[in-house]
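Below is one structure, written out as structure tokens; comments come after it.
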Amino acid sequence: MLAKQTQDPELQARFSGVARQLADNEDKIVQELIDAQGQPVDIGGYYHPNDEMAAKAMRPSATLNAIRRVGGFSRPTLRRIRPYKHRSTHQMRSKVTVVGAGNVGATTAQRIHQLGYADVVLVDVVEDLPQGKSLDMLESGPVLGTDAMITGSNGYEATADSEVVVITAGIARRPGMSRDDLLLTNMRITSAVTEEVVRYSPDCIILAVTNPLDAMVQNVYETAGFPRNRVFGMAGVLDTARYRTFIAQELDVSVEDVQAMVLGGHGDDMVPLVRYTTVGSIPVTELLSKDRIDSIVQRTRDGGGEIVALLKQGSAFYAPSAAITQMVEAMLLDKKRILPGCAYLEGEYGINGLCVGVPVKIGAKGVEQIVEISLTDEEQAALQSSAASVQELVDVMSNAKAEAG
Ligand SMILES: NC(=O)C1=CN([C@@H]2O[C@H](COP(=O)(O)OP(=O)(O)OC[C@H]3O[C@@H](n4cnc5c(N)ncnc54)[C@H](O)[C@@H]3O)[C@@H](O)[C@H]2O)C=CC1
Ligand SMILES: CC(=O)C(=O)O
């Protein structure tokens, strides 16, 4: 009702994103409410219940709660906003900052802005660039039906108290360059960016994207000093998307029916898990010959280079920004998605003190779980070898930092 009425545009804007989310998640919410029926709950006493415990028991749907939170309808928020009748609507949405307004950053900002339930701040060192791109995106709002705010900035004041910060700042590959060639330049850039991000948003979750990905995640993690659930990186979702695309093309089936996971570092020795790849629940090994699978695995490993060679300048950004947006959405909506993410490992998969791509559960707290699956000796060896390549880059960074004092 509130989303459909047109008498109060502010109220309509405020409720339309929430109405969309409620409709999209209706089945899940209903199931969660049904599942909670008939279960005993502790509310801290019958005559004098504990307010917090009672409120929690009365709201058993995690999905509904997440939508309320994202829409700004949690009780403390409602209490806070009630006196300010004329407060602008955009201050009540989640806030996402994207650092780097180049190809990946700008496309990511565009996708998140278009979702409609997060305000976006786009930051870049190039004067007027983030301001110009974000104004252009803002002006797409009336056509796309998004009232979310998007602003550009060359500084970090505007990013204050972001929930999620995506770091894409850095230089990208050109033909003939490997991701590793970007190492020390991007290390300096991501260190400087992280210090500013942490200063203005000490409670945020950072999603690093800059290449070489795993080494940059390690650098951002060490620079930020956040707990490991609040710093991770995007690469595996992109590599997996490429792998799924090639399998779907080969079999002439929907990409939606291809389930897969690519682990390891975002480099030539990434680890597509063929044994865990299914097409409509059928193991891919039942549908394709070993030769065809091997060639798809190799094309996946070369996927970034294939795009660089075609573009001639710069690297991929449409699929990367889609992958980032999926991970950001998993956090904003507390979706608990199981996706490959580059996380700091503390002994999982036999890897300690290093950021590498593994299956993770992503929700409102960032990386809520490192999911450990069983690997064959061969798969484990491939993951170790990929981790060793990441470790080499991390060592180069450590030496450079030590030399710089
Ligand atoms: N993890 C992954 O799967 C992927 C990673 N990447 C990486 O993402 C990064 C960005 O790629 P593109 O957007 O294509 O590059 P781009 O060159 O189009 O954009 C980079 C932007 O960063 C800005 N920048 C540089 N230093 C900055 C600083 N200190 N503060 C703020 N902004 C700064 C530049 O001005 C530029 O606008 C590259 O390192 C690229 O290799 C790209 C695609 C996929
Ligand atoms: C740029 C990059 O890392 C990729 O396209 O895979």
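The values are calculated or read from the model by the stated rules, or taken from the named source; none is laboratory data. As the structure is a prediction and not an experimental result, all values here were calculated from the model. In this analysis, Cβ positions are derived from the backbone assuming ideal geometry, glycine residues included, and neighbour counts consider all displayed protein chains. In case anyone asks, the SASA skips ligands and DNA or RNA and just uses the protein heavy atoms, side chains included. Shrake-Rupley method; radii C 1.70, N 1.55, O 1.52, S 1.80 Å.
Quick rundown of the values:
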quantity	calculated
Some residue of segment 114-128 being more than 18 Å from VAL197 (Cα to Cα) and within 15 Å of ligand 1 (Cβ to nearest atom)	yes
Residue in segment 307-325 that is away from ligand 1 (no atom under 14 Å from the Cβ), at pLDDT 95 or above, part of a loop (DSSP other than H, G, I, E, B) and not aromatic (Phe, Trp, Tyr) present	no
Flag for SER385 being in a helix (DSSP H, G or I), away from ligand 1 (no atom under 15 Å from the Cβ) and open to solvent by 10 Å² or more (accessible area, probe 1.4 Å)	yes
Any chance ARG299 is away from ligand 2 (no atom under 16 Å from the Cβ) and surrounded by fewer than 21 Cβ atoms within 10 Å (Cβ to Cβ)	no
Sole residue being more than 13 Å from ligand 2 (Cβ to nearest atom) and open to solvent by less than 30 Å² (accessible area, probe 1.4 Å), chosen from VAL358, VAL308	VAL358
Subset of segment 316-332 (residues that are open to solvent by less than 30 Å² (accessible area, probe 1.4 Å) and more than 16 Å from VAL367 (Cβ to Cβ))	ALA316, PRO320, SER321, THR325
Selection count where residues are on the phi < 0 side of the Ramachandran plot and surrounded by 18 or more Cβ atoms within 10 Å (Cβ to Cβ), scope segment 362-382	8
Residue among PHE226, PHE246 that alone is more than 18 Å from the chain's Cα centre (by Cα) and either open to solvent by less than 30 Å² (accessible area, probe 1.4 Å) or of a type outside the set (Val, Ile, Thr) (or both)	PHE246
Meets criteria (more than 30 Å from ILE29 (Cα to Cα), among the basic types (Lys, Arg) and either open to solvent by 40 Å² or more (accessible area, probe 1.4 Å) or away from ligand 2 (no atom under 12 Å from the Cβ) (or both)) for LYS336	no
Segment 99-114, subset away from ligand 2 (no atom under 16 Å from the Cβ), of a type outside the set (Gly, Ala, Ser) and crowded, with 21+ Cβ neighbours inside 10 Å, residue nearest to the chain's Cα centre (by Cα)	ILE112
Whichever residue in segment 157-169 is assigned to a loop (DSSP other than H, G, I, E, B) and buried (at least 24 other Cβ atoms within 10 Å of the Cβ) and, among such residues, is farthest from ligand 2 (Cβ to nearest atom)	SER162
Positions within segment 186-222 being near ligand 1 (Cβ under 9 Å from one of its atoms) and farther than 24 Å from TYR318 by Cβ, in sequence order	ARG188, ALA192, GLU196
Pair list, Cβ under 7 Å, 6 or more apart: segment 28-39 residue surrounded by 12 or more Cβ atoms within 10 Å (Cβ to Cβ), other residue in a helix (DSSP H, G or I)	LYS28/THR63; ILE29/THR63; ILE29/LEU64; GLU32/ALA62; GLU32/THR63
Unique residue being open to solvent by 20 Å² or more (accessible area, probe 1.4 Å) and touching a strand residue (DSSP E or B) at 6+ places or on another chain (Cβ under 7 Å) when the list is MET216, MET149, MET234	MET149
